[in-house]
Amino acid sequence: MEIATYGSTAMHAKLIEGLRQYGITDPIRRFDDLSDEERRAIRILFGWYMPQEVIDACPSLEWIQGAGAGVDWLMTVNIPDRITVTRIVDQFGPDMGEYALLAALAWVKDWRRWSLLQKSREWTPHLVGQLSLLTVGVLGAGSIGGHIAAVFRPLVAEVRALGRHLPNLAGVVGFSADQWPAFYRDLDLLIMVLPHTSDTYHLVGWPQLRLMRTGGFVINIGRGAVLDEGALVMAIRSGQLSGACLDVFEVEPLPKESVLWDLPGMTITPHVSGPSRVEGMVRVFADNLKRFRQRRALVGVVDRGRGY
Ligand code: GLV
């Protein structure tokens, strides 16, 4: 079977080593190391953010296994319909749940302030908030959103989730997309896990943020383009929100001159909340390779119309 990877040599080496443990020993080479003729024979490509030249160089391509959860890069290339694209699913909940919980607690407990006070050896107590009194809304009700909702469910007053279709998650108040005003109304904490698609671009803007409870907080760990960053700046400067924790941005890396860096109450991390861990990637790819051979349905097939 003609398989290649598109990405770093380090990723390639780890993938090969991991696949061996699943008994997969097919020759797999890096796209960059192949001749034009060898590229023309490639049927399966593993990788991420592939430019058009890579797709065009592989006319025999039947399947692309994306190395991550998000496939927004598909919007920038033209991939023939005969090619199936799969993404990594069901691997990111634990990491992203832990990140969201940490960000929520750091905000509620004013953790940053204690660090600053400690630096200047100051002893200045003040009253902090309590997670158990809050209403938390998870925007996105797939496998990651469902996991995050379950993490927060025992810790807060109410968990809401909004999905394309009415989410049905244990102990969670579900909202379908058209019920968005009720989802945002009086929300203390918004946790965004949506992919970037043509339907989700700037889905969260001023009309949504203004419905949240004054002094609320936003955590975005989905895709930056889903949040209208200008509206977020306005919401924080006006005091409508007390801050945000952003791991994803409309432009990454976040430009040095962005006003987001210096906003009060802002935590910025460099797209680290849901790392593509090798074990997870290998598990999904190994399973899908077996399915591909046996002509069974692959796991994590991207619906191109829907965008994820
Ligand atoms: C990370 O952002 C991913 O999409 O896997």
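Just so it is clear, none of the values below were taken in a lab; they were calculated from the coordinates. Not measured: the values here are computed from a predicted model. No Cβ is skipped: glycine too gets one built from the backbone with ideal geometry, and neighbour counts run over all protein chains shown.
Brief remarks on what is shown
- The chain: angle of helix 9-21 to the longest principal axis, Cα-based, in degrees nearest 10: 70 degrees
- The chain: angle of helix 93-108 to the longest principal axis, Cα-based, in degrees nearest 10: 20 degrees
- Reachable lysines from K290, criterion Cα separation under 30 angstrom, eight or more residues apart if same chain: K14
- Full-stretch length increase - K256, D26 - with 0.36 nm per residue and alpha-carbon distance subtracted: 78.4 nm
- Residues S132 and V173, FRET efficiency given R0 of 22 Å [Cβ-Cβ distance, rounded to 0.05]: 0.85
- Our coupling estimate for the range 137-150, obtained by passing each phi through the Karplus curve with A = 6.51, B = -1.76, C = 1.60 and θ = phi - 60°, is x, 9, 9, x, 10, x, 5, 6, x, x, 5, 5, 4, 5 Hz, Gly and Pro reported as x.
- For the chain, the mean residue ellipticity at 222 nm estimated from helices alone is -8500 deg cm²/dmol, where every DSSP H run of n ≥ 4 contributes -39500 (n - 2.57) and the total is divided by all residues, rounded to the nearest 500.
- Gap separating the Cα centres of the range 22-85 and the range 219-297, nearest whole Å: 24 Å
- Modelled label positions at R112 and S143, each set 7 Å beyond Cα in the direction of Cβ, lie 3.3 nm from each other.
- For the chain, the residue among W180, P264, A57 whose Cα projects farthest onto the positive side of the dipole built from Cβ charges is W180.
- From phi via Karplus (6.51, -1.76, 1.60), per-residue ³J(HN,Hα) for the range 191-205 in Hz, x at Gly/Pro: 10, 9, 10, 7, x, 8, 9, 5, 7, 9, 4, 6, 5, 9, x
- Within the straight-line cut-off of under 17 Å between alpha carbons, the aspartates and glutamates reachable from K119 are D110, sequence neighbours fewer than 8 places apart in one chain being disregarded.
- Checking every one of the GluC sites (Glu not before Pro) in the range 222-302 against DSSP loop status and a limit of 11 other Cβ atoms within 10 Å picks out E257.
- The charge dipole of the chain, taken about its Cα centre with unit charges on the Cβ atoms of Lys, Arg (+1), Asp and Glu (-1) only, comes to about 720 debye.
- Structural descriptor for the chain: relative contact order 15 percent, calculated from alpha carbon pairs under 8 angstrom and at least 6 residues apart.
- At R0 = 45 Å, FRET efficiency that the Cβ-Cβ distance of E98 and R43 yields, to 0.05: 0.75
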